[in-house]
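Here's the structure we're looking at; comments come further down.
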Amino acid sequence: MNEHRREILDMLATGKITADEADRLIAALDKGQSLGAVAATTEAGAKPRPKYLRVLVESEDMDEDGPVKVNVRVPMQLLRAGVRLASLIPAAARDHVNEAMREQGMAVDLSQIKPENLEELIDQLNDLTVDVDQKSNKVRVFCE
Amino acid sequence: MIPLFVVIRWHTGRRQLGLWLPLFLAWLLLLPLLLVLLPFFVIGCLLARMNPWRLIVTGWQLVTGLRGTNIDIQQGEKQFQVRMV
């Protein structure tokens, strides 16, 4: 028995409300709870977790062989495993890797990439779409 | 689940090549080798101060994550496809 229902029954017991009023309050409480459950289910159902990362590249820089089209589909599970692998790198080696990446112009700290943040990142990737549309090159990155 | 096949298709305009590589045979052949190397792997991990069990689990997740990977590259009449099934 939840707290609100208990309060309603206490008010009925002390005579603050009639039985009819208590019945209407409990019905409204049940309706509110079921609407909340439906909303949660709808929200969960409307946003399935992405399973694949897709990268589409079309380059129309014409050479003797014609335009280039690249279509890559990578499972999210592979990305998750890759992040977990990065978190297993020993601290000493991680510093070397960070230094090497910094020299190449990528200021990324591998120690900040943690598996517990990964699931939240992947949930947000569901809405991610990157569209780059230039004169002769098109790049599209999205999750499905 | 680990990928069982790799399907490779290669069109060069004039020639067409299709390969079905049975990865499950490769896993079966690799398994005894991995078991033999396991003690050395564990010793190496302990020396490097890494958790061998976590590495094995992550490696397994990497291998199983490969299933469903598709790569298609097309240029004119040439086409190269790799699918992990």
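Output the residues belonging to the stretch B:23-81 that are under 30 Å from B:Ile8 (Cα atoms) and β-branched (Val, Ile, Thr). Passing the criteria: B:Ile56, B:Val57, B:Thr58, B:Val63, B:Thr64, B:Thr69, B:Ile71, B:Ile73. If you check B:Val57, B:Val42 for being under 25 Å from A:Arg94 (Cα atoms), within 10 Å of another protein chain (Cβ to nearest Cβ) and not basic (Lys, Arg), only one passes: B:Val57. Taken together, the residues in the stretch A:59-80 that are modelled with pLDDT under 85 and under 16 Å from the mean Cα position of the chain (by Cα) amount to 2. Kindly establish whether B:Gly13 is at the interface with chain A (Cβ under 8 Å from one of its Cβ atoms) and small (Gly, Ala, Ser). Taking the combined requirement at face value, the residue does not satisfy it.
The values are calculated or read from the model by the stated rules, or taken from the named source; none is laboratory data. It should be emphasised that the depicted structure is a prediction, and the values quoted were computed from it without experimental measurement. Neighbour counts are summed over all protein chains in view; Cβ atoms, including those assigned to glycine, are modelled from backbone coordinates with ideal geometry.
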